[in-house]
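First up is the structure itself, then whatever we jot down about it.
The values are calculated or read from the model by the stated rules, or taken from the named source; none is laboratory data. Remember, it's a predicted structure, so these values are computed and weren't measured experimentally. Every residue, glycine as well, gets a Cβ built from its backbone with ideal geometry; the counts of neighbours run over all protein chains shown.
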Amino acid sequence: MLHLIRRGERLVVPFLLIIGWEIFSRSGLLPAALLPAPSIVLHSWADWAFAIDGSSQTYSGHWLSDALASCLRVLTGYAIATASGVLLGIAIGWWRWVERTIEPTVQMIRPIPPVSWIPLAIIWFGIADKPAIFLVFLGAFFPILLNTIHGVKTSDRNLIRAAAMMGATEQQMLRQVIFPAALPSIMAGLRIGIGSAWMLTVTAEMVAVKSGIGYVLWDSYYFLRYDLVLAAMVSIGLLGYGTDLLLKLLMQSTLRWQRGQTVQGR
Amino acid sequence: MAAIEIRNAVKIYQDQQRKRDLLALDTVNLTVEKNDFLCLLGPSGCGKSTLLNMIAGFESVSSGEILVDGKPVTGPGADRGMVFQQPTLMPWLTVWENIAFHLKLRGVHKAARREEAQLYIDMVGLTGFENHYPNELSGGMASRVGIARALLLNPAVILMDEPFAALDAQTRMDMQEELVAIWQKHQGTVVFVTHSVEEALVLGTKIAVMSCRPGRLGELIPLDLPYPRDITEAAFNDRKRHILARFKAEADKARKSAAA
Ligand SMILES: Nc1ncnc2c1ncn2[C@@H]1O[C@H](COP(=O)(O)OP(=O)(O)O)[C@@H](O)[C@H]1O
Ligand SMILES: [Mg+2]
């Protein structure tokens, strides 16, 4: 019973928000077209997803493929960012010479906002999946890289000594000591990275791609379909929330050993 | 052949921040015979850890040489098992995985690793805690894991750097007793660093008192008292008085030079 109440806790705020919004929209303080009521948004969304009455016109029934297109871009860019960010981060954190030769360049590229790469991305990759994947990569790469470097640099020197005492080679040291020691920090980077990944997929889809939820969002804006704009926004929120939840579960299972050691475990 | 042979070892630390060199150890000579339980006794800051780390291969000698089993030390290796002051267990591995980490590095199969780890788990009295993570262990249990991990290497020598310093008095006494029992049963060479005169007297077959700033080694004092040692016995207290006198002189010297 207590468990059910706990579960319900998280629904209270969204529920109140939606009720308030519905009342406000119906009150007529703003023209209904500018702030569609949740009920209308839900209706258009249902049509977008299941083609119930064609009210979302060309998008009717296309939600799944739009969501899939966006997810695929996020996943591809994010996977490339994860693999390269973790590997490069470990190398920079571990070998001084890699740090000296590569890090200054990385730190110079980092302050350039990923969205400012859009013109070049379009020139290089054209209007399709690739510029979006490239942007997602840029957005997710830096937080993952920096957190990995931090994790490696702050790993306990005595653990390295202990492993050396037990006869670890350098490669074993990196895989079996440095990587797990840096994992909590890497995971933190992954969670920041997934946020940037969604942000940049949507941005890219608004300007450089002709499919996905971001594209529907921007296209609906041109056709004054603010109900669909809102449906797209909520979709992005839910998808982002879902991927973050998956990461959180992954984190809980791989960092099981931290249980009872941190504030999180309370 | 002696288990450990230290010839004219000198250690100079370069202090980068203060642009000054520190002579941590000055011409140390020491021979540790096989199956000795040698206690290195000295006040803190006199270079005990430095000497132990040089034997372990974590620090290089500035001049002189260190031989273990007749071979010069060039770096850390599994022929020398180290028990650190802090347990330094891999927090992401369970007790048995920590103990068997060496076998994993050597590519031994999981079942064989698990089986061998159990021997050492039982030996140090951790039966029932095999699948606990280090953060679920008390200080004494974590020390036991550190000891079991070093024993599993089956090393020529075991180096211990004040492994019981952080434990409460009762746990420390239990651990000392068990360590002696394990050592008596399995033999082997132990170098045990401590700043406690009593601990050195309870454990060692030989005691070397270190002097401070720079760190130097006094001559070896053999202790032929039978185990387990009774700390209330007259013979024990005789030795204690003798060693305490030397230790006090060194500690005073250390304090004065630190103040100067
Ligand atoms: N890595 C180091 N760099 C510079 N000085 C050090 C370093 N390690 C130890 N020292 C100095 O060497 C001396 C001996 O230290 P240590 O071997 O840790 O003593 P002990 O273990 O007996 O307490 C101390 O004065 C300490 O400050
Ligand atoms: Mg020390």
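Please verify whether region B:166-173 includes one or more residues that are within 14 Å of chain A (Cβ to nearest Cβ), touching a residue at least 12 places away in the same chain (Cβ under 8 Å) and more than 13 Å from ligand 1 (Cβ to nearest atom).
First, pick out the residues of region B:166-173 that are within 14 Å of chain A (Cβ to nearest Cβ): B:166.
Now narrow it down to the ones that are touching a residue at least 12 places away in the same chain (Cβ under 8 Å): B:166.
Going one step further and asking which of them are more than 13 Å from ligand 1 (Cβ to nearest atom), we end up with B:166.
Checking region B:166-173: at least one residue is within 14 Å of chain A (Cβ to nearest Cβ), touching a residue at least 12 places away in the same chain (Cβ under 8 Å) and more than 13 Å from ligand 1 (Cβ to nearest atom).
What's the number of the condition B:Glu130 fails, among (1) away from chain A (no Cβ under 13 Å); (2) crowded, with 21+ Cβ neighbours inside 10 Å; (3) more than 14 Å from the chain's Cα centre (by Cα)?
(2)
Sort out which residues of region B:67-79 are more than 7 Å from every other protein chain (Cβ to nearest Cβ) and either in a loop (DSSP other than H, G, I, E, B) or touching a strand residue (DSSP E or B) at 6+ places or on another chain (Cβ under 6 Å) (or both), and write them in order of number. So that I can check it myself, show each step before the final result.
From region B:67-79, those more than 7 Å from every other protein chain (Cβ to nearest Cβ) are B:67-75, B:79; that's our starting set.
Hits for region B:67-79 are B:Leu67, B:Val68, B:Asp69, B:Gly70, B:Pro72, B:Val73, B:Thr74, B:Gly75, B:Asp79.
What's the number of the condition B:Val124 fails, among (1) modelled with pLDDT of 95 or more; (2) touching a Lys or Arg at 6+ places or on another chain (Cβ under 7 Å); (3) among the aliphatic types (A, V, I, L, M)?
Exception for B:Val124: condition (1).
How many of the residues making up region A:10-41 are closer than 18 Å to A:Val234 by Cα and of a type in the set (S, T, N, Q)?
Going through region A:10-41 one residue at a time, the tally reaches 2.
I need the full set of residues from region A:142-175 which are under 29 Å from A:Gly195 (Cα atoms), within 11 Å of chain B (Cβ to nearest Cβ) and in a helix (DSSP H, G or I), in order please. Even if it seems obvious, please write down each step before you answer.
Here is the first cut: in region A:142-175, the residues under 29 Å from A:Gly195 (Cα atoms) are A:142-155, A:174-175.
Filter once more, keeping what is within 11 Å of chain B (Cβ to nearest Cβ): A:155, A:175.
Of everything in region A:142-175, just one residue is under 29 Å from A:Gly195 (Cα atoms), within 11 Å of chain B (Cβ to nearest Cβ) and in a helix (DSSP H, G or I), namely A:Arg175.
Out of region B:23-61, which residues are touching a strand residue (DSSP E or B) at 6+ places or on another chain (Cβ under 6 Å), part of a loop (DSSP other than H, G, I, E, B) and within 12 Å of ligand 1 (Cβ to nearest atom)?
B:Gly42, B:Cys46, B:Gly47
What number of residues within region B:1-48 satisfy the criterion of being within 12 Å of ligand 2 (Cβ to nearest atom) and more than 16 Å from B:Val209 (Cβ to Cβ)?
Result for region B:1-48: 1.
Going through region B:211-221 one residue at a time, which ones are in contact with a strand residue (DSSP E or B) (Cβ under 6 Å, 6 or more places away or on another chain) and in contact (Cβ under 8 Å) with a residue 24 or more places away in the chain? Show your work before the answer.
Of region B:211-221, the ones in contact with a strand residue (DSSP E or B) (Cβ under 6 Å, 6 or more places away or on another chain) are B:214-218, B:220-221.
Within region B:211-221, B:Pro214, B:Gly215, B:Arg216, B:Leu217, B:Gly218, B:Leu220 qualify.
Taking region B:143-165, which residues are free of Cβ contacts under 8 Å to residues at least 60 places away in the same chain and in contact with a Leu (Cβ under 6 Å, 6 or more places away or on another chain)?
Listed by number, the residues that qualify are B:Arg144, B:Val145.
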